[in-house]
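Enquirer: Before anything else, here's the structure in question.
The values are calculated or read from the model by the stated rules, or taken from the named source; none is laboratory data. Bear in mind that the values here come from a model prediction, so they are computed numbers and not experimental data. Here the Cβ positions follow ideal geometry from the backbone for every residue, glycine too, while neighbour counts run over all protein chains shown. Heads up: the accessible areas ignore ligands, DNA and RNA and are worked out on the full protein's heavy atoms, side chains in. Shrake-Rupley method; radii C 1.70, N 1.55, O 1.52, S 1.80 Å.
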Amino acid sequence: METTREYPVWIPVNDHHIAAIVTIPEGDPRAVVLFTTGGGGAPRSQRFRLWTRAARELADRGIASVRMEYEGVGDSTGAGRIGLKWSQLPTDDVIEVARFAMSVTGTTQLGMSGNCAGARACIRATESVPECKSLVLFWLKPIAAPDRGTRRFQSGVRLFRLLPDTVKRKVAKAYWYREGRASKKVGVENTLRKAAATRDLLLIETSSALAGEIPTVIQELERAGNGHRVELRQVESTSMQAFQSPAEQEMTVTTVLEWFDASFPGASGGEGALEPGHPASVQGSS
Amino acid sequence: MPVDVARLQAMGEITDPVGGISERFVEVPLRSGSTVGVLSIPAGSPGHRGWVVSHSYGPEQPNLGSFDAALARRLASQGAPVLRFHCQGYGDSEHTDFTPSVESHVRDTIDAVEAFRTLSGVRSVGLVGVNFGATCALLAASEASVDQLALISPAVQGSRFLHKFVRTRSIIEVSESTWSPDAPNPWSVLKAGGTVNIRGFVLGEDEFRSFEAVDLRTVDTFSGSALVVQISVGSEPRREITELVDHLESSGVSVTRATITDQFAALLGDRPYRRDGGQFLEDVHPELRGKVAELVADWGTGSPAPRAVMEERT
């Protein structure tokens, strides 16, 4: 905290105000990173204060940040209701906060990070915020469908589990395709390709079927090699809820620091880079 | 382009987040370090009484953040300035490596009341809290020299509060099929001095001992009046709440007891967002928050509260 300054702010978006903390490093920022959360009502500091820690450590590396909470969460105003479909995500909140962050920090070098619905909102927001140069997305889980909680869907899942692996893969692919088409032809696959075309992209996923086609798409992007870093790290998570083990928490902060530090001009030299054998790199696809 | 500090500072204040109030982010100095708070300020001239919101423990703090904000905003809309803040070790507080304890919660609450008196200029301060926030409010009341307490679903026994977390962990383990009959009982591990991970929140022997020592039915109380609110699915009085009320009354505190029934009462302090059956995650507590905030605000300002939920004890 000695070298950083933190400014709590309310940012107007549509009919509500988003509460956020802007962290400023000493000197002109190299870049600014937006941190957002999932759809479960986590505050701007993220569960276990992960974004507070990451923001202050990024500031030590010359990178500013803004950590935000959605409408109706914490000190934000408005109603607590978050859409899960690709077309209903709180993308407006992310876009407005990203623009505000670039404006007040005086940089157009933007990074974004979030988990679950927040990860999906970030990747959707990149279409409106082309300044975004780097993404770190935790548990994008594109197969975590909005209808997952319904009885019909649960019955389908029980049947799905009984299928042989080869059939499972075909069903998952068909489901992925349907999800892509259902969201106004945006499509998870196309979104990933577009996002990776002009920026660094790091995805952290569980090794469950919820990752859908992500491994295949990322492998294709890696092979194509467009000059940007593209990487998938699959972790053996002990929990379906994010960040519920101390090891996951450490991995999250370290990953964010290392990735964004290397994404923007003036990198500090890789302090905090992941060592071989780190939980986050055990099942890297590259 | 340089950082626009003037704009950042100007946006630390908001007008009319709900009817007739403004809010301002403030720095709150605590003995444990600095932290961030929000001061809710009523329009017009504020009354002589103000409130400080004492937040709950561990994973409950973020889960009840909107609850605390709703309480603060409602009280402010009734004419009382209100401070809500992050204890050290939570949210935006200064020290990222600080592990909060029962003792640090209570000490920070006492310090926040002192800071609030300076910030707001009020003479008389009340404390309001939900679950373990209510527990800390009562534990801090005497030293903080408050004269009103609104205890919303207080955790009367620290050990029972802690046990609830451990139970939650067990449910998660079973639901994820990682439970093994050979695995040690986490509650036994904790009691034996071991360390357990409760939904990412690590608890050890020190926490167990300090929670075990908390029993609001035996603590020294304060001089003033208290609102004790039971939140439950049914309206049957809970024994530990009754015993707490008896203890407060026998200590000379003027107590008003109320019960609010809510179908989601069991989820209070848990993650409040649930699927609405369709394509949205929705906060399940807005109705409960509204009822509680109305009750506390009416009681705090001396307005009559709905008879259906309130039973005068003195």
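Enquirer: Spot the failing condition for A:R44; the list is (1) open to solvent by 30 Å² or more (accessible area, probe 1.4 Å); (2) of a type in the set (D, E, K, R); (3) within 18 Å of B:A69 (Cβ to Cβ), and only one is missed.
Expert: (1)
Enquirer: Residues B:L39, B:L30, B:L71, B:L64: which one is surrounded by fewer than 24 Cβ atoms within 10 Å (Cβ to Cβ) and within 13 Å of another protein chain (Cβ to nearest Cβ)?
Expert: Criteria check complete, one pass: B:L39.
Enquirer: Scan (1) surrounded by 16 or more Cβ atoms within 10 Å (Cβ to Cβ); (2) more than 20 Å from the chain's Cα centre (by Cα); (3) more than 10 Å from chain A (Cβ to nearest Cβ) for the single condition B:M11 breaks and write down its number.
Expert: Unmet condition: (3).
Enquirer: Inspect all residues belonging to region A:228-248 and state whether any of them is at pLDDT below 90, under 22 Å from A:L110 (Cβ atoms) and either assigned to a loop (DSSP other than H, G, I, E, B) or not acidic (D, E) (or both).
Expert: Filtering region A:228-248 down to residues at pLDDT below 90 leaves A:234-248.
Right, trim to under 22 Å from A:L110 (Cβ atoms) and you get none.
There is no residue in region A:228-248 that is at pLDDT below 90, under 22 Å from A:L110 (Cβ atoms) and either assigned to a loop (DSSP other than H, G, I, E, B) or not acidic (D, E) (or both).
Enquirer: Let me ask something additional. Any idea which residue in region B:173-231 is modelled with the highest pLDDT, counting only those that are under 21 Å from B:R160 (Cβ atoms) and acidic (D, E)?
Expert: Taking the candidates together, the pick is B:D215.
Enquirer: What tally of residues in region A:150-173 results from selecting those that are out of contact with any Asp or Glu (no Cβ under 7 Å at 6 or more places or on another chain), within 21 Å of B:F280 (Cβ to Cβ) and open to solvent by less than 100 Å² (accessible area, probe 1.4 Å)? Before the answer, list the steps.
Expert: Step one: filter region A:150-173 for residues out of contact with any Asp or Glu (no Cβ under 7 Å at 6 or more places or on another chain), giving A:150-152, A:154-172.
Now drop any that are not within 21 Å of B:F280 (Cβ to Cβ), which leaves A:150-152, A:154, A:156-157.
Narrowing further to those that are open to solvent by less than 100 Å² (accessible area, probe 1.4 Å): A:150, A:154, A:156-157.
Summing the residues that are out of contact with any Asp or Glu (no Cβ under 7 Å at 6 or more places or on another chain), within 21 Å of B:F280 (Cβ to Cβ) and open to solvent by less than 100 Å² (accessible area, probe 1.4 Å) in region A:150-173 gives 4.
Enquirer: Now, a different point. What number goes with the only condition from (1) open to solvent by less than 10 Å² (accessible area, probe 1.4 Å); (2) touching a helix residue (DSSP H, G or I) at 6+ places or on another chain (Cβ under 7 Å); (3) more than 30 Å from B:I198 (Cβ to Cβ) that A:K85 does not pass?
Expert: The one condition A:K85 does not meet is (1).
Enquirer: In addition: Report the residue count in region A:47-82 for those that are crowded, with 24+ Cβ neighbours inside 10 Å and more than 7 Å from chain B (Cβ to nearest Cβ).
Expert: Of the residues in that region, 14 qualify.
Enquirer: Among the numbered criteria (1) more than 12 Å from every other protein chain (Cβ to nearest Cβ); (2) open to solvent by 20 Å² or more (accessible area, probe 1.4 Å), which single criterion is violated by B:S56?
Expert: Looking at each condition in turn, B:S56 falls short on (2).
Enquirer: While we're here: Do we have B:F161 as hydrophobic (A, V, I, L, M, F, W, C), open to solvent by 10 Å² or more (accessible area, probe 1.4 Å) and closer than 25 Å to B:F201 by Cα here?
Expert: For B:F161, the condition - hydrophobic (A, V, I, L, M, F, W, C), open to solvent by 10 Å² or more (accessible area, probe 1.4 Å) and closer than 25 Å to B:F201 by Cα - is met.
Enquirer: Which of the numbered conditions does A:A42 fail, given that it passes all the others? Conditions: (1) assigned to a loop (DSSP other than H, G, I, E, B); (2) farther than 18 Å from A:W139 by Cβ.
Expert: Going through (1) assigned to a loop (DSSP other than H, G, I, E, B); (2) farther than 18 Å from A:W139 by Cβ one by one, A:A42 breaks only (2).
Enquirer: On to the next question. Could you name every one of the helices (runs of 4 or more DSSP H) located completely within region B:1-86 that has at least 1 residues being modelled with pLDDT under 95?
Expert: Correct list: B:60-63, B:65-77.
Enquirer: Looking at B:G44, B:G20, B:G37, which one is at positive phi, of a type in the set (G, A, S) and touching a residue at least 40 places away in the same chain (Cβ under 8 Å)?
Expert: Numbers: B:G44 fails: touching a residue at least 40 places away in the same chain (Cβ under 8 Å); B:G37 fails: at positive phi.
Selected residue: B:G20, the only one of B:G44, B:G20, B:G37 that is at positive phi, of a type in the set (G, A, S) and touching a residue at least 40 places away in the same chain (Cβ under 8 Å).
Enquirer: Could you say which residue among A:D93, A:D28, A:D15 is more than 10 Å from every other protein chain (Cβ to nearest Cβ), touching a residue at least 24 places away in the same chain (Cβ under 8 Å), more than 27 Å from A:K141 (Cα to Cα) and not hydrophobic (A, V, I, L, M, F, W, C)?
Expert: A:D15
Enquirer: While we're looking at this one, here's another question. Residue check: is B:S104 part of a helix (DSSP H, G or I), farther than 24 Å from A:G41 by Cβ, of a type in the set (S, T, Y) and more than 9 Å from every other protein chain (Cβ to nearest Cβ)?
Expert: Yes, satisfied.
Enquirer: What is the number of the single condition among (1) open to solvent by 30 Å² or more (accessible area, probe 1.4 Å); (2) within 14 Å of another protein chain (Cβ to nearest Cβ); (3) at pLDDT 95 or above; (4) within 28 Å of B:V166 (Cβ to Cβ) that B:Y90 does not meet?
Expert: Status for B:Y90: all satisfied but (1).
Enquirer: Continuing with this model, one more query. Would you mention how many residues in region B:255-306 are more than 14 Å from chain A (Cβ to nearest Cβ) and surrounded by fewer than 20 Cβ atoms within 10 Å (Cβ to Cβ)? Quick ask: steps written out before the conclusion?
Expert: First, pick out the residues of region B:255-306 that are more than 14 Å from chain A (Cβ to nearest Cβ): B:255-263, B:265-266, B:291-306.
Filter once more, so that each one left must be surrounded by fewer than 20 Cβ atoms within 10 Å (Cβ to Cβ): B:256, B:259, B:261-263, B:265-266, B:291, B:294, B:298, B:301-306.
Count: 16.
Enquirer: Taking region A:32-48 only, how many residues are touching a Ser or Thr at 6+ places or on another chain (Cβ under 6 Å) and either without any contact (Cβ under 8 Å) to a residue 12 or more places away in the chain or at positive phi (or both)?
Expert: Residues of region A:32-48 touching a Ser or Thr at 6+ places or on another chain (Cβ under 6 Å): A:32-33, A:35, A:45-46.
In the following step, the residues that additionally are either without any contact (Cβ under 8 Å) to a residue 12 or more places away in the chain or at positive phi (or both) were identified as A:46.
So the count comes out to 1.
Enquirer: Which count do you get for residues in region B:14-27 that are more than 10 Å from chain A (Cβ to nearest Cβ) and touching a Pro at 6+ places or on another chain (Cβ under 6 Å)?
Expert: So the answer is 1.
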